[in-house]
1. Tell me whether the range 60-74 contains one or more residues that are outside any loop (DSSP other than H, G, I, E, B) and either open to solvent by 50 Å² or more (accessible area, probe 1.4 Å) or on the phi > 0 side of the Ramachandran plot (or both).
2. Just give me the residues in the range 130-153 being small (Gly, Ala, Ser) and assigned to a loop (DSSP other than H, G, I, E, B), in sequence order.
3. Here's a check for you: in the range 130-163, which residue that is among the β-branched types (Val, Ile, Thr) and surrounded by fewer than 19 Cβ atoms within 10 Å (Cβ to Cβ) is modelled with the lowest pLDDT?
4. Might you let me know whether the range 110-129 holds any residue that is assigned to a helix (DSSP H, G or I), under 23 Å from Met19 (Cα atoms) and either at pLDDT below 95 or touching a strand residue (DSSP E or B) at 6+ places or on another chain (Cβ under 8 Å) (or both)?
5. Right, Val84: open to solvent by less than 20 Å² (accessible area, probe 1.4 Å) and of a type outside the set (D, E, K, R) or not?
6. Give the number of residues within the range 89-121 that are open to solvent by 20 Å² or more (accessible area, probe 1.4 Å), among the hydrophobic types (A, V, I, L, M, F, W, C) and either on the phi > 0 side of the Ramachandran plot or touching a residue at least 60 places away in the same chain (Cβ under 8 Å) (or both).
7. Does Ser103 meet the test of being small (Gly, Ala, Ser) and more than 12 Å from the chain's Cα centre (by Cα)?
8. Filter the range 59-88 down to the residues that are of a type in the set (D, E, K, R), in contact (Cβ under 8 Å) with a residue 24 or more places away in the chain and out of contact with any helix residue (DSSP H, G or I) (no Cβ under 9 Å at 6 or more places or on another chain) and list them by number.
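The values are calculated or read from the model by the stated rules, or taken from the named source; none is laboratory data. These figures come from a predicted structure and were not determined experimentally. Here the Cβ is made from the backbone with ideal geometry for all residues, glycine too, and neighbour counts use every protein chain on show. All accessible areas refer to the heavy atoms of the entire protein, side chains included, with ligands and DNA or RNA removed. Shrake-Rupley method; radii C 1.70, N 1.55, O 1.52, S 1.80 Å.
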Amino acid sequence: FRIKPGDKVMDIGCGPADMLALLPHVDYTGIDLSENYIRSARQRYGNAARFVCSSADGIDLKEPGTYDLVIVIALLHHLNDEQVRAICRMALTSLRSGGRFVSFDNCFVDGQNSFARWVISQDRGRNVRRPEGYLSLVREFFPNAAVDVRHDLLNIPYTHAICVAQK
């Protein structure tokens, strides 16, 4: 994520905020629809971060244009195209000039390991896309977005699409 201490980070779809343990010394805001996840995050981290139970299109940003990084980890493959656009719109509004957007999701690619394809096809997310599918949605808001496909991030065969963009 290339963060520095004090960076302002928004984690959309944060779940129980497990990512916060990997992002020490940042100003963290976690957003998730699940009241249970947000409750769990608040119990675990207390006042060390802000947690909001909301959808991306339902949140009232108190400080638009001030975030250094917006991350969306393993969420987009659960969302339809309009919901992904709402996430990207929220990210664009949230980021300062020069701020970065990073999404990380499973994907399908040609020539993919058959076990990886099968595991990904069993995911609860019904909108697993090809890398260019994620990229085209993100580029509607971040024209300079790029996607990197990785097959080596888990101990089992699996394929990830990582979209990175800068405002």
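1. For the range 60-74, residues outside any loop (DSSP other than H, G, I, E, B) and either open to solvent by 50 Å² or more (accessible area, probe 1.4 Å) or on the phi > 0 side of the Ramachandran plot (or both): absent.
2. Within the range 130-153, just Ala145 meets the criteria.
3. Top of the filtered list is Ile156.
4. Yes, the range 110-129 has at least one match.
5. yes
6. 1
7. no
8. Asp68
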